Amino acid sequence: MAKASLMKEPRVAAPLVNDDQRPLGVFGIAVQWDPIEDNKATAAPPRRRGMFAKFAEAVGIGKPSKEGTPADLDIAAVAFDKNHRALGICYFGNMKALGGALRHTGDALTGADEGWDETIVADLNHDDMARIAYLVPVLMAFKPGVNLGAVNNVVFATLDGAEKTSPVAGYKFPVEVNAGYNALLLCLYFRKDDDTWEGVSLEKPVQINVVMGQDPKAAIAEACKAGLPAAA
């Protein structure tokens, strides 16, 4: 499977195409992180294997053999129309959005598993995506006791297709960029006038004000608006 060319350089817009310059009709929005190291101990050399290992070695990540404290993070993706109205949100509490155009593959609770911890699959060819102009994925840590700034080795990538282990272009976030916030806007995917898609990394920390016990969708969507371009 060809590597996606999107976002080989942070904050540089790039077409959503593979190495053959073919548009990615279906792609994965993937994140990986490590458990929080207990007492800030140095992790043992990571255990790497399979296709993910090639990508992990390229960007300098991997799962420590010492698990540490579990880190329950969550990825979400919010779809907006050209007027910045949120039309769909996909996250662990709403595994499918826009009629299945956005699909969450499963909730990770620790960050200790091998490979990508959470992935959302986006199908740009789905009929319900015709109204969508922007797609903003966000990594969240709004559950009690989880400090986003203490999580190690947060990595984001766009996958060429829906395969969770595909080795693709991506990058690693500095830990300090997360300090003091409970969410991180990962990137902005946007539809151009010719109906092709591009993406640009954001690495933008935001605060999601969620009242525990209430539906968080409105709060997540509101925070993701910070990743949208200025209204015309």
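Out of (1) within 22 Å of ASN209 (Cα to Cα); (2) modelled with pLDDT under 70; (3) in contact with a strand residue (DSSP E or B) (Cβ under 9 Å, 6 or more places away or on another chain), the odd one out for LYS63 is which?
The number of the failed condition is (1).
Name every residue in the stretch 131-143 that is modelled with pLDDT under 95 and either of a type in the set (S, T, N, Q) or surrounded by fewer than 17 Cβ atoms within 10 Å (Cβ to Cβ) (or both), in order of residue number.
LYS143
So, in the stretch 182-204, exactly how many residues are more than 21 Å from MET129 (Cβ to Cβ) and surrounded by fewer than 19 Cβ atoms within 10 Å (Cβ to Cβ)?
Summing the residues that are more than 21 Å from MET129 (Cβ to Cβ) and surrounded by fewer than 19 Cβ atoms within 10 Å (Cβ to Cβ) in the stretch 182-204 gives 1.
Taking the stated definitions as given, is ASP81 of a type in the set (Asp, Glu), at pLDDT 80 or above and closer than 30 Å to PHE190 by Cβ?
On the way: of a type in the set (Asp, Glu): yes; at pLDDT 80 or above: yes; closer than 30 Å to PHE190 by Cβ: yes.
Considered against the rule, which asks whether it is of a type in the set (Asp, Glu), at pLDDT 80 or above and closer than 30 Å to PHE190 by Cβ, ASP81 comes out as yes.
Cβ contacts < 6 Å: first residue closer than 30 Å to PRO23 by Cα, restricted to the stretch 199-217; second residue basic (Lys, Arg), any location; separation 6+ or different chain. Result?
SER201/ARG11
Can you tell me which residues in the stretch 144-189 are part of a loop (DSSP other than H, G, I, E, B) and at pLDDT 80 or above? If you could, list the steps in order and put the result at the bottom.
So the first thing to find is which residues in the stretch 144-189 are part of a loop (DSSP other than H, G, I, E, B), and the list is 144-147, 151, 162-169, 173-174, 179-182.
TYR181, ASN182, listed by residue number.
Output yes when any residue across the stretch 30-51 is within 11 Å of LEU159 (Cα to Cα), modelled with pLDDT of 50 or more, in a strand (DSSP E or B) and within 18 Å of the chain's Cα centre (by Cα), and no when none is.
yes
Tell me, which residue of the stretch 1-29 that is crowded, with 20+ Cβ neighbours inside 10 Å and assigned to a strand (DSSP E or B) is modelled with the lowest pLDDT?
ALA4
The values are calculated or read from the model by the stated rules, or taken from the named source; none is laboratory data. Computed from a predicted structure; not experimentally measured. Here the Cβ is made from the backbone with ideal geometry for all residues, glycine too, and neighbour counts use every protein chain on show.
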